[in-house]
Amino acid sequence: MRVLITGANGFVGSYLANFLKSRDIEVTCAVRLPSRKMKGFQNVIVPKPTASEDWAKALKNIDVVVHLLSRTHNTGERNSNTLHIYREVNVDITNALCDAVLACNSVKRIIYLSSIKVNGEHTPTGEPFNEQSTPNPQDHYGQTKLEAEQLIESKFDASQKDYAIIRPPLIYGKELKGNLLTLQKAIRHGIPLPFSCIHNSRSMISLGNLSSFIQCCLTETQASKNTFLVSDNTQLSTGGIVEKIARESNSSPHMFCFPPTLLKALFILLRKKELNEKLLGNLEIDNQFARKTLNWNPDC
């Protein structure tokens, strides 16, 4: 099997490329610039990813496309006028790639990595998101990921080609990024964190579990034209996330109890709604459909 990965030099892409390669799957990495080539892999240069003709050249002899390339979430852009920038990357590039896939005889399936942000930012206690949950994106990232999903469905539902859409929650691995990296730095510096009294519940997924699910989607017929919500089997509180990061960093966390109601009031006062949702709120995923449909078993 020959797989093309877009966004192959990113956080998920670089791990996935090596994961699939170790399982004797032929991987080609699509990159925009020669300087971004992945070592140890065949690479194709796509200088203008919004042009379907550039993708057409990259798709030669490819069986499945795993589309990871996207403009990721940026907290500081929630209220700024950047929707067109997100749409250009997350929707326009996806549109060009889909047109090229539909015109290519060799490609049979596209696997699109979306985000749980399509469903929303938090869940009520005991009511995890599942595949029947109504989309409710709260920012430009979630909105344009939903638009890309809808575009893929509209283009492929009437065709003989397949797609699979995957919505993961927060993704973690050895090389952390974003808020997890910030937490890791705080832990390593011995900064006391006020999370020991927070008893929320948040779903996450490891790079290994996400990659194993993507591998299932490469060949399983049951993946065809389905959307999947995926996660690890266990949920963690914010304090549990801190403890997990500390263990994997060979560090000792320093946490103390700060009343959640006061912490929430502090975030509101500082206009940090995003932090309030992430650190105090729930975001749970029911992964049963993904597990049962593709006989997928997350490691944790």
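Each label point was placed 7 Å from the Cα along the Cα-to-Cβ direction; for residue 82 and residue 295 their separation is 4.4 nm. Across 33, 207, 16, mean-square fluctuation computed from a Gaussian network of the chain (C-alpha pairs under 10 Å connected) peaks at 33. How far is helix 178-188 tilted, in degrees, relative to the longest principal axis of the Cα atoms in the chain, given as a value from 0 to 90 rounded to the nearest 10? On a 0 to 90 degree scale, this one is about 40.
Using alpha carbon coordinates only, what is the Rg to Rh ratio of the chain, with Rh defined as the Kirkwood radius?
For the chain, the value is 0.97.
Here the chain is assigned +1 on the Cβ of each Lys and Arg and -1 on the Cβ of each Asp and Glu. Its dipole about the Cα centre then comes out at about 820 debye. Residues whose amide H lies under 5 Å from that of residue 44, counting only those 5 or more places away or on a different chain, are 29, 30, 31; hydrogens are built 1.01 Å from N in the peptide plane. Treating r as the C-beta distance of residue 1 and residue 72 and R0 as 22 Å, the FRET efficiency rounds to 0.20.
Report the charge-dipole magnitude of the stretch 152-287 in Debye, nearest 20, computed about the Cα centre from +1 at each Lys and Arg Cβ and -1 at each Asp and Glu Cβ.
With only Lys, Arg, Asp and Glu charged at Cβ, the dipole is about 580 debye.
Using θ = phi - 60° and the Karplus curve 6.51 cos²θ - 1.76 cosθ + 1.60, what whole-Hz ³J(HN,Hα) does each residue of the stretch 40-53 get, with Gly and Pro shown as x? Per-residue couplings from phi come out as x, 10, 6, 10, 10, 8, 10, x, 10, x, 8, 10, 5, 5 Hz.
Stretch residue 36-residue 185 to full length: gain in nm at 0.36 nm per residue minus the Cα-Cα span?
Working: separation 149, 0.36 × 149 = 53.64 nm, distance 2.72 nm.
Gain on extension, residue 36 to residue 185, equals 50.9 nm.
Tell me the angle of helix 11-21 to the major Cα principal axis of the chain, expressed in degrees between 0 and 90 and rounded to the nearest ten. It is inclined by approximately 50 degrees. Take the Cα of residue 105, step 7 Å toward its Cβ, do the same at residue 261, and the gap between the two points is 7.0 nm.
Given the pairs 117/155; 161/278; 21/225; 185/273; 57/108; 57/225, which are separated by over 27 angstrom at their Cα positions?
Beyond 27 Å between Cα atoms: 161/278.
Is there a quick way to get the dipole size of the stretch 1-70? I mean about its Cα centre, with the Cβ of Lys and Arg at +1 and of Asp and Glu at -1; what is the value in debye to the nearest 20?
So the dipole magnitude of the stretch 1-70 works out to roughly 220 debye.
Taken along its principal axes, the alpha carbon cloud of the stretch 152-266 reaches lengths of 56, 32, 21 Å, longest axis first. For the stretch 268-276, 3J(HN,Hα) computed residue by residue from phi via the Karplus equation (6.51, -1.76, 1.60; θ = phi - 60°) reads 5, 4, 8, 6, 10, 4, 4, 5, 4 Hz, glycine and proline entered as x.
Here the contact order of the chain, divided by its residue count and restricted to Cα pairs under 8 Å and six or more residues apart, works out to 17 percent. Placing a label point 7 Å from the Cα of residue 251 along the Cα-to-Cβ direction, the residues of the stretch 186-207 whose backbone N falls under 18 Å of that point are 186-196. Amide H contacts for residue 228 (H built 1.01 Å from N in the peptide plane; partners 5 or more residues away or on another chain; cut-off under 5 Å): 165, 166, 167. Between 229, 263, 68, which gets the highest mean-square fluctuation from a Gaussian network model of the chain, Cα cutoff 10 Å? Maximum fluctuation in the GNM of the chain, among the listed residues, is at 263. For residue 26, the residues 5 or more places off, or on other chains, whose built amide H falls under 5 Å of its own are 3. Placing a pseudo-label 7 Å from each Cα along the Cα-to-Cβ vector at residue 233 and residue 56 gives an inter-label distance of 4.8 nm.
Readers should treat all values here as calculations from the given coordinates under stated rules, not as data from a laboratory. In this text the structure is predicted, and so the values were computed from the model without any measurement. Cβ sites come from the backbone with ideal geometry, for glycine too, and all protein chains shown count toward neighbours.
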